[in-house]
Amino acid sequence: MYRTRKSLPAARMPRARGGLDSSHARSGKPLVMTIVGRGGCPAGYSPSLPASLSDACQRERRPVSGKHIRLPHQRREFSSPLNNRFRPEDPRSVHRCREFRSYDQQMALAKIILYYVFTPLTDPTAVRLWQRDLAESLNLRGRVLISHDGINGTLGGDIRAVKRYLRKTRDYPAFKNLDVKWSDGSGLDEGGASLDFPKLSVKVRDEIVSFGAPGELHVTSDGIVGGGTRLSPDALHDLIATRGDEVAFFDGRNALEAAIGRFQNAVIPDVNTTREFVTELDSGAYDHLKHHPVVTYCTGGVRCEVLSSLMLNRGFTEVYQLDGGIVRYGERYGDSGLWQGSLYVFDKRGSIDFSPHAAVIGECTGCGGPTKRTGNCRDASCDNQLVVCERCDRALCDRHTAEQLKQVGVDRVMQ
């Protein structure tokens, strides 16, 4: 969002849509008008926002004669319904604006952020509206989930737009401790939007991570109460050096993600979705780990925050969480530490590597060859993903393979 301030004598001030108070014209005093783009909180939202967020929104709007004027997204060339009247009179100013726009296009750099924070939110719906308008105004794409327990999202776009988004989001006191990880995007389209996401989605959910146990979490402004002990990548190595094989890595992701990358000798729960973890823990399959040091890990840290709390609630006595997740570990050690393979990501990139010499540990469902590639099941009605190489791209998932074999058997009997 850019603001354009222009001071005009009252006699030259045009009458904007909806009208301005004519008392300004009679007074002869200059009138300063601020045109605000969509980056601020939209008019009408502030009554339902938390007080601190409402105050922040009010600072982003400027009154004109007791009214608010909210125009379409404002750019450097003053693109508004009053465009011709507010265009700078000096041709050199317009030239500089065009030069700035050209510089913007040349300097565009695609970036993706992964972020979250656990903090109490009294009105998630109001926060959703604010976040949606903020991301839209900056031409960002991705997914953002908001609940009474905080925010969890991943967004992509030009690096300057992403940085502005983070500055505006962290201005809200509840989000000042936002945990953010950066990675390179695949690119930007002609409009400057990320190629790694098809659209922007901002939603309110019962949980920002869908374990199906919202009643088990207790969240304060300091985060989750009763979660596992945080370990930095260096502290993790110290723990391994001290306790050795006694330490168990526990993967907090689904089986597909673990198939192409995981920590050495990690325990991989047999789950396809996050919601299956509670049932898996309650099954007793991991009771033998209850008196061992268990290190939970996930992509960016948000899932293992919840998982470590759930495990402690079920009698696991020594539970840790890898602070910042695999992403932060990879930033510190790359492929020279305990991590093996590629990191699955939930966008069009599919996966990322921490170095050019990353191991390929995934096995193609179709031919059994090494691959880190994932793809959708060949059946159009199925939303399951599987590890599959380019040659076997049209493979079926296990369920549809079994159904196909069953149908082949029925056909043979019928013959």
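The values are calculated or read from the model by the stated rules, or taken from the named source; none is laboratory data. Everything quoted here is computed from the prediction, not taken from an experiment. Glycine also receives a Cβ, built like all others from the backbone with ideal geometry; neighbour counts cover every protein chain displayed. Each accessible area value is taken on the protein alone, full model and side chains, heavy atoms only, with ligands, DNA and RNA left out. Shrake-Rupley method; radii C 1.70, N 1.55, O 1.52, S 1.80 Å.
To the nearest 10 square angstrom, what accessible area does TRP130 show with a 1.4 Å probe?
Number for this one is 10 Å².
Beyond 21 Å between alpha-carbons counts as too far, so tell me which of LYS203/LYS372; LYS163/LYS372; LYS199/LYS372; LYS181/LYS348 fall in that bin. Working shown, then result.
Details: LYS203/LYS372 30 Å; LYS163/LYS372 31 Å; LYS199/LYS372 25 Å; LYS181/LYS348 18 Å.
From LYS203/LYS372; LYS163/LYS372; LYS199/LYS372; LYS181/LYS348, over 21 Å: LYS203/LYS372; LYS163/LYS372; LYS199/LYS372.
If you split all Cα-Cα distances of the range 282-366 into 5 Å bins from zero, what percentages do you get per bin, shortest first?
Result, from short to long distances: 3, 13, 19, 19, 16, 15, 11, 3, 0 percent.
Mind computing the radius of gyration and Dmax over the alpha-carbon atoms of the range 261-415? Å is fine for both.
18.6, 62
Place a +1 charge on the Cβ of each Lys and Arg in the range 270-415 and a -1 charge on the Cβ of each Asp and Glu, then give the dipole magnitude about the Cα centre in debye, rounded to the nearest 20. Mind showing how you got there, number by number?
Numbers: 16 positive and 20 negative charges, 58 e Å.
Computed about the Cα centre, the dipole is about 280 debye.
Would you work out which of GLY350, GLY324, GLN404 lies farthest towards the positive end of the dipole of the range 301-415, given +1 charges on the beta-carbon of Lys and Arg and -1 on that of Asp and Glu, about the Cα centre?
GLN404
Could you work out the local net charge near CYS397, counting Lys and Arg as +1, Asp and Glu as -1, over the other residues with Cβ closer than 14 Å to its Cβ? Write down the numbers at each step before the final one.
Details: positive: ARG378, ARG394, ARG399; negative: ASP379, ASP383, ASP393, ASP398, GLU403.
Here the charged neighbours net out to -2.
Calculate the radius of gyration of the Cα atoms of the range 238-287 to one decimal place, then report Dmax, the largest Cα-Cα distance, as a whole number, both in Å.
Spelled out, the Cα radius of gyration and Dmax of the range 238-287 are 12.2, 34 Å.
Could you report the accessible area of ASP234 in Å², rounded to 10, computed with a 1.4 Å probe on the protein chains as they sit in the structure?
60
Placing unit charges on C-beta atoms (Lys and Arg positive, Asp and Glu negative, everything else neutral), compute the dipole magnitude of the range 347-400 about its Cα centre in debye, rounded to 20.
Numbers: 8 positive and 8 negative charges, 21 e Å.
Dipole about the Cα centre, nearest 20: 100 debye.
Given the options THR242, SER232, GLY185, identify the residue whose Cα lies farthest towards the positive end of the charge dipole of the range 166-278 (+1 on Cβ of Lys, Arg; -1 on Cβ of Asp, Glu).
Working it through, the farthest residue towards the positive pole turns out to be GLY185.
Given 10 °C and 1.306 mPa s, how large is the Stokes-Einstein diffusion coefficient of the range 138-181 in µm²/s, with Rh as the Kirkwood radius over Cα pairs?
Taking Rh from Cα pairs, D becomes 143 µm²/s.
Any idea of PHE346's accessible area? Nearest 10 Å², probe 1.4 Å.
Only protein atoms counted, so the area is about 100 Å².
May I ask for the net charge around HIS292, where only other residues with Cβ less than 13 Å from the Cβ of HIS292 are counted and Lys, Arg are +1 while Asp, Glu are -1? Could the numbers behind the result be given before it?
Working: positive: ARG243, LYS290; negative: ASP245, GLU246, ASP287, GLU318.
After counting each charged neighbour, the total is -2.
At a 1.4 Å probe, what is the % contribution of carbon and sulfur to the accessible area of the range 311-404? Before the final figure, lay out each step's value.
Details: 2150 of 4810 Å².
Carbon and sulfur atoms account for 45 percent of the accessible area of the range 311-404.
In debye, nearest 20, what is the charge dipole magnitude of the range 189-317 about its Cα centre with +1 on Lys and Arg Cβ and -1 on Asp and Glu Cβ, if you could check?
160
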